[in-house]
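The values are calculated or read from the model by the stated rules, or taken from the named source; none is laboratory data. This structure is a prediction, so every number in the text was calculated from the model and none was measured. Please note: Cβ atoms are built from the backbone with ideal geometry, for glycine as well, and neighbour counts cover all protein chains shown. All accessible areas refer to the heavy atoms of the entire protein, side chains included, with ligands and DNA or RNA removed. Shrake-Rupley method; radii C 1.70, N 1.55, O 1.52, S 1.80 Å.
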Amino acid sequence: SSSFTRWNNIQNYFPESNVINRGFGGSMASDLIYYAEQIIFPYKPSQIVVYEGDNDIGSGMSVDNFMVDIKTLVRLIEVRLPGVPVILLSVKSSPRRDKSRANYEEANAKLYEFSFTKKHVTFVDVYSSLLDNKGEYKTELFASDMLHVNEDAYKLWANMLRPHLLKK
């Protein structure tokens, strides 16, 4: 989604890993399924990081339907790239989409649970880094639109993601 499209200097955060950012704004998990032949498989990745759900849930899609798409995507990866590890990043809520916060949090719980059903799938919770100890948004980590995250949030996300990435 645009949360990764806007992370245009992502390789700088992970110099020990070979990162190709194929994020595109407005994407939903169904888009990854549809475009997998163009944006995933030609690269023959040794690992895949998936950040989806922001636009899915934000558009009103049910958590259950979102999870059907995620499970389909993971199965497609299993078939086409057997054994390739998949990292599912948590979905972020944001001040702008706070009315759907419970759905985002439900999606994260289901992503977490799903990760335990697959040996090669790992869940990384980046969403919690955007909240203070009272569960309120750290608004200083969001861009002025209160939807996207800013560079300070990317630094936090990188620290959470780095231990899970394969090295060159």
Determine whether region 136-151 contains at least one residue that is surrounded by 13 or more Cβ atoms within 10 Å (Cβ to Cβ), hydrophobic (A, V, I, L, M, F, W, C), more than 20 Å from Lys44 (Cα to Cα) and in contact with a Gly (Cβ under 9 Å, 6 or more places away or on another chain). yes
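Taking the conditions exactly as written (within 18 Å of Val126 (Cα to Cα) and of a type outside the set (A, V, I, L, M, F, W, C)), does Gly26 satisfy them or not? Can you show your working first?
On the way: within 18 Å of Val126 (Cα to Cα): no; of a type outside the set (A, V, I, L, M, F, W, C): yes.
Taking the combined requirement at face value, the residue does not satisfy it.
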Residue check: is Tyr51 in contact with a Leu (Cβ under 6 Å, 6 or more places away or on another chain) and within 29 Å of Asn18 (Cα to Cα)? yes
Among the residues of region 112-120, is there at least one that is on the phi > 0 side of the Ramachandran plot and surrounded by 12 or more Cβ atoms within 10 Å (Cβ to Cβ)? no
If we keep only residues of region 121-130 that are touching a Phe, Trp or Tyr at 6+ places or on another chain (Cβ under 9 Å) and either in a loop (DSSP other than H, G, I, E, B) or among the hydroxyl-bearing types (Ser, Thr, Tyr) (or both), then the residue surrounded by the most Cβ atoms within 10 Å (Cβ to Cβ) is Val126
Inside region 10-52, can you point out the residues that are polar (S, T, N, Q) and either more than 23 Å from Val91 (Cβ to Cβ) or in contact (Cβ under 8 Å) with a residue 24 or more places away in the chain (or both)? Gln11, Asn12, Ser17, Asn18, Ser27, Ser30, Gln38, Ser46, Gln47
Complete set of residues in region 83-109 that are over 19 Å from Ile48 (Cα atoms), open to solvent by less than 60 Å² (accessible area, probe 1.4 Å) and outside any loop (DSSP other than H, G, I, E, B): Pro95, Arg97, Ser100, Arg101, Tyr104, Ala107, Ala109
If the Cβ limit is 7 Å and pairs must be 6+ apart or interchain, which residue in region 140-162 that is at positive phi and modelled with pLDDT of 95 or more pairs with which residue that is part of a loop (DSSP other than H, G, I, E, B) and polar (S, T, N, Q)? Met146/Ser94
Does Asn133 satisfy the criteria of being part of a loop (DSSP other than H, G, I, E, B) and without any contact (Cβ under 8 Å) to a residue 60 or more places away in the chain? yes
Looking at region 1-82, what helices (runs of 4 or more DSSP H) fall wholly within it and have at least 3 residues that are of a type in the set (A, V, I, L, M) and surrounded by 19 or more Cβ atoms within 10 Å (Cβ to Cβ)? 63-80
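I need the full set of residues from region 136-165 which are assigned to a helix (DSSP H, G or I), of a type in the set (Phe, Trp, Tyr) and in contact with a Lys or Arg (Cβ under 9 Å, 6 or more places away or on another chain), in order please. Walk me through it before giving the result.
If we filter region 136-165 for residues that are assigned to a helix (DSSP H, G or I), which is where we start, we get 139-141, 151-164.
So of that shortlist, the ones also of a type in the set (Phe, Trp, Tyr) come out as 154, 157.
Hit for region 136-165 is Tyr154, nothing else.
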